[in-house]
1. Going by what's in this entry, would ILE387 be described as in a strand (DSSP E or B), surrounded by 22 or more Cβ atoms within 10 Å (Cβ to Cβ) and touching a Gly at 6+ places or on another chain (Cβ under 9 Å)?
2. Can you give me the ranges of the strands (runs of 3 or more DSSP E) entirely in region 1-98 with at least 1 residues that are closer than 30 Å to ASN353 by Cβ and without any contact (Cβ under 8 Å) to a residue 24 or more places away in the chain?
3. Just checking, how many residues over region 117-134 are outside any loop (DSSP other than H, G, I, E, B) and closer than 21 Å to PHE447 by Cα?
4. When the residues of region 353-365 are filtered to those that are charged (D, E, K, R) and out of contact with any strand residue (DSSP E or B) (no Cβ under 7 Å at 6 or more places or on another chain), which remaining residue is nearest to the ligand (Cβ to nearest atom)?
5. Do you know which residues across region 175-208 are open to solvent by 30 Å² or more (accessible area, probe 1.4 Å) and either touching a helix residue (DSSP H, G or I) at 6+ places or on another chain (Cβ under 7 Å) or more than 10 Å from the ligand (Cβ to nearest atom) (or both)?
6. Take the residues of region 366-384 that are under 20 Å from LEU274 (Cα atoms), assigned to a loop (DSSP other than H, G, I, E, B) and not charged (D, E, K, R): which is nearest to the ligand (Cβ to nearest atom)?
7. Within region 135-156, work out how many residues are more than 11 Å from the ligand (Cβ to nearest atom), surrounded by 24 or more Cβ atoms within 10 Å (Cβ to Cβ) and either assigned to a loop (DSSP other than H, G, I, E, B) or not hydrophobic (A, V, I, L, M, F, W, C) (or both).
8. Determine, yes or no, whether ASN275 is assigned to a helix (DSSP H, G or I), of a type in the set (S, T, N, Q), over 21 Å from the mean Cα position of the chain (by Cα) and within 23 Å of ILE377 (Cβ to Cβ).
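The values are calculated or read from the model by the stated rules, or taken from the named source; none is laboratory data. Quantities reported herein were computed from a predicted structural model and do not represent experimental measurements. No Cβ is skipped: glycine too gets one built from the backbone with ideal geometry, and neighbour counts run over all protein chains shown. Only protein heavy atoms, including side chains, enter the accessible area calculation; ligands, DNA and RNA are left aside. Shrake-Rupley method; radii C 1.70, N 1.55, O 1.52, S 1.80 Å.
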Amino acid sequence: MVVLNYINGKMQEAVSGLQLDNFEPATGNVYGHVADSDSADVQLAFEAANAAKSNWANTAAEEKFKWLNALADAIDADRENFAKAESRDQGKPLWLARNEMIRAAQNFRFFATAAMQFASESHAMENKAINYTLRQPVGVVGCISPWNLPLYLFSWKIAPALAAGNTVVAKPSEFTAATAHLLAETCIKIGFPAGVLNIVNGLGPKVGQAMVEHRGIKAISFTGGTSTGKHIAATAAPMFKKLSLELGGKNPNIIFDDADIEKALKTTINTSFLNQGEICLCGSRLLIHESIYDKVKNRIVEEAKKLKVGNPNNDDTRIGAIVSKPHFEKVLSYIELAKEEGGQILTGGAALNPEGCESGWFIEPTIIEGLGPKCRINTEEIFGPVISLLPFKDEEEALQLANATEYGLAATIWTENLTRAHRLAANLEFGIVWINCWLLRDLRTPFGGAKSSGVGREGGWEAMRFFTEPKNVCIALS
Ligand code: TXE
């Protein structure tokens with residue numbers, strides 16, 4: 001497969017003609033190529049988006065609803081094809097990719113209805129005047145997405161941007177652009193209006209940077225690493241661009257002694273290892289009350305050992321391949337660091353060569369204990385199938401440990417004591433708190449992080465507000 005750019009309704013090579021190798025994580029082999037674009041391609045995409053801007057902004061909400069629904073229906077109709085492409089490109093198990101394709105279609109469907117329902121406020125000043133707020137599209141906006149949940153997160157940004165009446169220049173991760181390519185082909189198939197959505201492929205420092213630097217691209221919605229987010233913010237701030245940054249996490253998963261332990265464990269195995277631990281919401285620090293520490297530790301180790309690591313196409317595979325060689329090496333280097341820092345590896349800790357995928361990038365689910373809250377293992381985002389266990393003696397210490405990180409994306413609490421749950425939820429410095437559940441998502445809720453986990457919120461009206469510019473109009477009544 002050659003992943004091309006999608007500009008002004010047409011698939012095209014990068015202006016330079018250059019291409020990047022595209023690797024299959026399960027085999028480590030090159031299986032295709034991706035357009036290696038630069039600022040010239042971003043400029044073409046901008047020109048197409050700019051030309052389509054006024055028409056799309058003035059397209060009736062009902063029409064926008066129809067187009068976004070048509071995209072959702074087309075993804076649903078071709079789900080297996082999308083899922084296979086996602087799994088092959090990213091390394092995740094095929095069954096998981098199928099679930100994610102359902103969500104990608106849902107993102108378009110959800111924001112299709114938002115286009116129909118979005119409204120703005122009016123403020124009456126008794127008999128003196130009335131104010132009303134216009135919420136107009138920002139114009140041409142940029143969406144930059146990462147490699148962990150490729151189409152799921154790509155659509156999560158594009159859908160609200162389009163629903164709010166913007167035209168879009170979008171860039172998927174260079175590691176996982178296959179399903180964005182399929183989405184572009186889908187747009188052509190259903191006759192989606194040319195120029196409204198444009199996709200430019202290539203490297204972050206070339207294509208992403210050119211998008212952030214482009215003065216005509218008025219807002220950037222980004223999901224990715226915290227250091228990239230910092231760089232984007234520094235570039236965009238002097239141009240006063242609107243920015244939504246969803247960055248990394250070092251999320252605590254807190255189990256109290258009064259929790260329903262079996263229920264907590266059943267979810268915790270996913271919280272720790274789903275999608276090879278490559279989800280920004282994964283709980284990489286498992287905080288356990290000291291009175292149940294050994295019990296929980298033994299059970300989680302036992303469950304982790306049962307997780308089958310291997311060929312993403314097999315139905316019984318729980319852990320697929322790590323997305324790229326550099327990321328594979330990064331995760332392994334953290335396991336080495338854990339040993340250097342004095343941690344004990346309770347299970348896992350090594351790369352694997354599963355049958356049929358001997359040269360792929362696989363890592364055993366790994367559980368570490370014995371490291372204090374200040375160790376790098378407990379403060380830096382590893383973004384792989386690696387968790388660290390820490391005991392706590394009481395609620396106060398649990399809170400202190402949970403908040404002892406520069407990140408603030410998501411926290412999970414397991415307790416049957418509701419008063420404690422609410423008290424903790426109020427004091428945890430995180431954008432998302434789950435109580436007795438994890439990854440339970442209502443697309444209307446604000447989604448994003450505090451502290452170094454980002455700026456702004458996605459989801460529901462938050463996304464619609466981000467992608468619109470409010471304008472107050474005041475009319476005197478006398
Ligand atoms: O992400 P990058 P990387 C974390 C995770 C991971 C680390 C680095 O810890 O190990 O980030 O991953 C584009 N201007 N997360 O390096 O580089 C890039 O092309 C504009 C957490 O792969 O942040 C891609 O499309 N764009 C995260 C996107 O940014 C730039 C998910 C994300 O890539 C750019 C992924 C630039 N200068 C990684 N440089 C999460 N929170 O979900 C790169 N990009």
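1. Spelling it out, ILE387 is indeed in a strand (DSSP E or B), surrounded by 22 or more Cβ atoms within 10 Å (Cβ to Cβ) and touching a Gly at 6+ places or on another chain (Cβ under 9 Å).
2. On the way: elements: 5-7, 10-12, 19-24, 29-35.
Correct list: 19-24, 29-35.
3. 1
4. Step one: of region 353-365, the residues charged (D, E, K, R) are 355, 358, 364.
Going one step further and asking which of them are out of contact with any strand residue (DSSP E or B) (no Cβ under 7 Å at 6 or more places or on another chain), we end up with 355, 358.
On the way: GLU355: 28, GLU358: 25 Å.
Top of the filtered list is GLU358.
5. Here is the first cut: in region 175-208, the residues open to solvent by 30 Å² or more (accessible area, probe 1.4 Å) are 175, 185, 188-191, 193-194, 203, 205-206.
Within region 175-208, GLU185, ILE188, LYS189, ILE190, GLY191, PRO193, ALA194 qualify.
6. This residue is PHE383.
7. Within region 135-156, residues that are more than 11 Å from the ligand (Cβ to nearest atom), surrounded by 24 or more Cβ atoms within 10 Å (Cβ to Cβ) and either assigned to a loop (DSSP other than H, G, I, E, B) or not hydrophobic (A, V, I, L, M, F, W, C) (or both) number 1.
8. Numbers: assigned to a helix (DSSP H, G or I): yes; of a type in the set (S, T, N, Q): yes; over 21 Å from the mean Cα position of the chain (by Cα): no; within 23 Å of ILE377 (Cβ to Cβ): yes.
When the stated conditions are applied, ASN275 does not pass them.
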